[in-house]
Amino acid sequence: MVRYAEPGAVTWVESLGGPFVVLPEVALEAWSGSAGNDDADDDYDRACAVEGFTGLLRVGSAEGLVLGDEPASTAYLPAQGVFVRWSAAESEEAMLGSVDAAMRAARWEPELSWRVPGPVLLFDAAWTGEEARRQDHVRVDLEAGSYGVRAAYVEPCPQTALTLVAVRRLPG
């Protein structure tokens with residue numbers, strides 16, 4: 001059994017200060033990050049405009065999921081189907097050890113419906129899709145289909161605070 005606090009068991013993605021995007025691999029070439037032209041908003045600007053914990057953006061023929069609010073270190077836990085965003089904790093072990101209790105205590109925001117064509121990459125929205133594969137990222141093996149996405153900010157104990165972004169496969 002893998003304990004998440006074991007070194008290398010969880011990969012945390014860091015941001016340069018802005019939001020994260022979770023983008024289908026097939027749409028990576030269409031993501032301009034902060035490298036857009038000066039005459040129009042680039043994809044990074046569009047991601048920054050998302051209010052709240054999550055939002056969806058059209059990227060080429062797909063949709064990207066924006067993880068907004070704060071540039072907290074973020075990991076994906078496949079067993080729970082959740083992105084964990086580290087706001088405060090004394091250690092990685094404390095953070096990850098609080099996830100199950102946080103999921104039970106969460107007051108979830110309304111669910112979004114997100115259609116994905118297959119695996120996705122979590123990365124800093126400032127990177128272009130081409131750069132994302134060479135930078136700090138996590139690949140998540142989602143099957144093609146529709147997913148419900150909901151988010152919650154939880155403080156399971158006085159020393160620990162995290163944002164959860166749960167992703168669940170919708171029937172059909």
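Things worth noting here:
- Restricting attention to region 142-172, the residues that are touching a residue at least 40 places away in the same chain (Cβ under 8 Å) and not in a strand (DSSP E or B) add up to 2.
- Restricting GLY68, GLY60 to those that are within 16 Å of GLY129 (Cα to Cα) and not basic (Lys, Arg) reduces the list to GLY60.
- Condition check for ALA102: more than 12 Å from the chain's Cα centre (by Cα), buried (at least 22 other Cβ atoms within 10 Å of the Cβ) and more than 30 Å from SER34 (Cα to Cα): yes
- Counted residues, region 105-141 - those being touching a residue at least 60 places away in the same chain (Cβ under 8 Å), outside any loop (DSSP other than H, G, I, E, B) and among the aliphatic types (A, V, I, L, M): 7
- Restricting ALA35, ALA94, ALA72 to residues that are surrounded by fewer than 21 Cβ atoms within 10 Å (Cβ to Cβ), touching a residue at least 24 places away in the same chain (Cβ under 8 Å) and in contact with an Asp or Glu (Cβ under 7 Å, 6 or more places away or on another chain) narrows the list to ALA35.
- Just one of (1) assigned to a loop (DSSP other than H, G, I, E, B); (2) more than 14 Å from the chain's Cα centre (by Cα); (3) hydrophobic (A, V, I, L, M, F, W, C) fails for VAL50. It is (2).
- Verdict on ALA72 being of a type in the set (A, V, I, L, M, F, W, C) and touching a Pro at 6+ places or on another chain (Cβ under 8 Å): no
- Unmet requirement for GLU111, which otherwise passes all of (1) under 21 Å from ARG139 (Cα atoms); (2) of a type outside the set (Phe, Trp, Tyr); (3) in contact with a Lys or Arg (Cβ under 6 Å, 6 or more places away or on another chain): (1)
- Residues within region 136-164 that are farther than 13 Å from LEU65 by Cα, surrounded by fewer than 16 Cβ atoms within 10 Å (Cβ to Cβ), touching a strand residue (DSSP E or B) at 6+ places or on another chain (Cβ under 8 Å) and not acidic (Asp, Glu), tallied: 4
- Checked against the criterion of being of a type outside the set (Asp, Glu) and farther than 22 Å from SER146 by Cα, the candidates ALA89, ALA62, ALA79 yield just one match: ALA89.
Taken together, the values in this text are just the output of simple stated rules run on the coordinates, not laboratory data. Being a predicted model, the structure only gives us computed values, none of them experimental. All Cβ positions, glycine included, derive from the backbone under ideal geometry; neighbour counts span all protein chains shown.
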